[in-house]
Ligand SMILES: [Mn+2]
């Protein structure tokens with residue numbers, strides 16, 4: 001990786017000279033696991049360490065000037081910035097004027113050249129030949145640890161203990177589950193499931209999910225709890241928990257995070273409901289091709305989640321905006337076949353700034369431009385979304401019969417794990433199914449399934465989340481189902497069960 005030699009050389013010098021080293025990370029899961037990874041690694045043989053995470057509300061994302069001042073006040077002469085820093089031109093220059101060096105481990109795209117750091121580790125640098133470009137921030141911190149170990153002829157397997165953290169970062173930062181990430185995540189998940197560090201053990205014991213944990217358990221179970229620590233005001237608490245060695249205090253703190261996260265979710269749901277209500281109160285909402293909603297009181301931390309929920313519910317490109325520093329700040333999500341980034345480009349004269357890609361993006365604009373933006377965005381959606389594109393599409397990997405889902409099939413399927421972005425758990429299609437009579441509705445429109453082929457014997461069981469009504473519509477006649485398979489343990493024995501995605505009536509002639 002470009003600059004790795006310089007990073008190792010500078011870090012090594014700091015270790016030899018006994019310099020005070022500041023580990024600086026972003027406040028989210030990737031940042032806090034980065035700091036914990038580097039701290040856990042270095043503290044095995046070096047104690048003159050400190051760490052710093054910016055305040056989400058006061059300092060925002062990235063390397064803050066306040067962070068540089070902290071380094072100076074605490075006598076740190078080397079900062080290792082992780083999951084951020086590649087755009088921190090100003091902060092790195094300020095540090096340099098104080099005689100503080102930076103090593104940057106980032107995975108974001110550089111902007112306007114590179115900061116004046118001793119080393120800029122970032123596979124997304126155009127001049128970096130590192131073959132895998134999609135490492136998480138924590139993954140790059142791990143690469144630095146590996147390189148330092150290599151330099152000292154330390155056996156690489158001594159770093160295996162860090163992989164539980166790396167796996168959490170890969171899952172929660174939603175980086176592609178391909179190449180090196182898939183390998184790191186696979187071994188990291190093993191670690192996490194068999195011998196996690198105390199802090200992660202405490203979190204796992206509170207999330208109420210059957211073991212072994214998979215990638216989505218990390219994304220939806222562990223991730224929100226680690227993030228909750230950052231949202232409580234101080235992301236240092238997340239690092240403290242991740243580095244904790246005391247089981248009782250780790251459990252206490254994990255319980256606090258669970259509680260806090262529960263309340264945050266209630267707020268999220270309330271806001272999403274409010275957004276839904278606001279949209280469907282517009283007289284022409286059914287005719288509209290897009291959703292743009294602004295409310296100065298919505299919380300900036302959850303507009304992205306709200307936009308996702310709107311897109312899921314109404315299947316339209318959605319932009320949710322709130323007010324921050326007297327600007328309208330928005331988060332947008334799109335549907336298949338509508339390039340959000342291109343659409344925003346057409347509105348660029350209305351914005352202070354915008355960025356993102358085809359499916360997700362963000363923007364800032366003067367509050368008085370929101371109405372004009374909503375109108376233009378609707379016109380673009382009207383022009384670009386084809387009329388047949390009014391329903392989500394499920395990509396089906398293969399048609400299969402229940403008789404073929406045996407233990408050999410299960411083992412083969414396992415070899416494709418861990419699943420994640422760009423390596424999705426395959427969706428299968430089974431045709432001509434009937435209810436065995438044992439399917440049961442559950443609370444919240446969920447459904448417990450017991451099914452077989454109309455012309456077959458083998459019964460498979462499973463669940464359909466939010467599909468109770470959909471099942472009710474098809475169950476009186478043979479139907480087809482799109483589904484994932486998931487592994488569950490029944491009396492210690494692994495077995496595959498159904499996770500339904502959708503149903504439709506069976507039509508024999510096709
Ligand atoms: Mn990251």
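The values are calculated or read from the model by the stated rules, or taken from the named source; none is laboratory data. Bear in mind that the values here come from a model prediction, so they are computed numbers and not experimental data. In this analysis, Cβ positions are derived from the backbone assuming ideal geometry, glycine residues included, and neighbour counts consider all displayed protein chains.
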If you take the residues of the range 108-139 that are crowded, with 24+ Cβ neighbours inside 10 Å and within 13 Å of the ligand (Cβ to nearest atom), which of them is nearest to the chain's Cα centre (by Cα)?
-> 136
Filtered residues of the range 350-369 (kept if out of contact with any helix residue (DSSP H, G or I) (no Cβ under 9 Å at 6 or more places or on another chain) and assigned to a helix (DSSP H, G or I)) = 367, 368
Conditions: (1) assigned by TED's automatic domain parsing to the domain that holds residue 39; (2) out of contact with any strand residue (DSSP E or B) (no Cβ under 7 Å at 6 or more places or on another chain); (3) assigned to a helix (DSSP H, G or I); (4) over 23 Å from residue 53 (Cα atoms). Residue 262 meets all but one. Number of the miss?
-> (1)
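Among the listed residues 451, 413, identify the single one that is outside any strand (DSSP E or B) and in contact with a strand residue (DSSP E or B) (Cβ under 8 Å, 6 or more places away or on another chain). Before the answer, list the steps.
Working: 451 fails: outside any strand (DSSP E or B).
Within the list 451, 413, the selection yields 413.
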Filter the range 25-46 down to the residues that are within 22 Å of residue 87 (Cβ to Cβ) and not in a helix (DSSP H, G or I), then identify the one that is farthest from the ligand (Cβ to nearest atom).
-> 27
Do any residues in the range 83-101 that are in contact (Cβ under 8 Å) with a residue 60 or more places away in the chain have Cβ atoms under 6 Å from those of residues that are assigned to a loop (DSSP other than H, G, I, E, B) and more than 16 Å from the ligand (Cβ to nearest atom), where the two are at least six apart or on different chains, and which pairs are they?
-> 101/118
Any residue at all in the range 328-343 that is over 18 Å from the mean Cα position of the chain (by Cα), over 21 Å from residue 285 (Cβ atoms) and in a helix (DSSP H, G or I)?
-> yes
For the range 459-506, which fully contained strands (runs of 3 or more DSSP E) count at least 2 residues that are touching a strand residue (DSSP E or B) at 6+ places or on another chain (Cβ under 7 Å), in contact (Cβ under 8 Å) with a residue 40 or more places away in the chain and under 14 Å from residue 435 (Cβ atoms)?
-> 479-490, 493-505
Taking the condition within 26 Å of residue 255 (Cβ to Cβ), over 17 Å from the mean Cα position of the chain (by Cα) and at pLDDT 95 or above, does residue 204 pass?
-> yes
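Assess whether residue 22 counts as being in contact (Cβ under 8 Å) with a residue 12 or more places away in the chain and either part of a helix (DSSP H, G or I) or within 16 Å of the ligand (Cβ to nearest atom) (or both). Walk me through how you get there before you give the answer.
Details: in contact (Cβ under 8 Å) with a residue 12 or more places away in the chain: yes; either part of a helix (DSSP H, G or I) or within 16 Å of the ligand (Cβ to nearest atom) (or both): no.
No.
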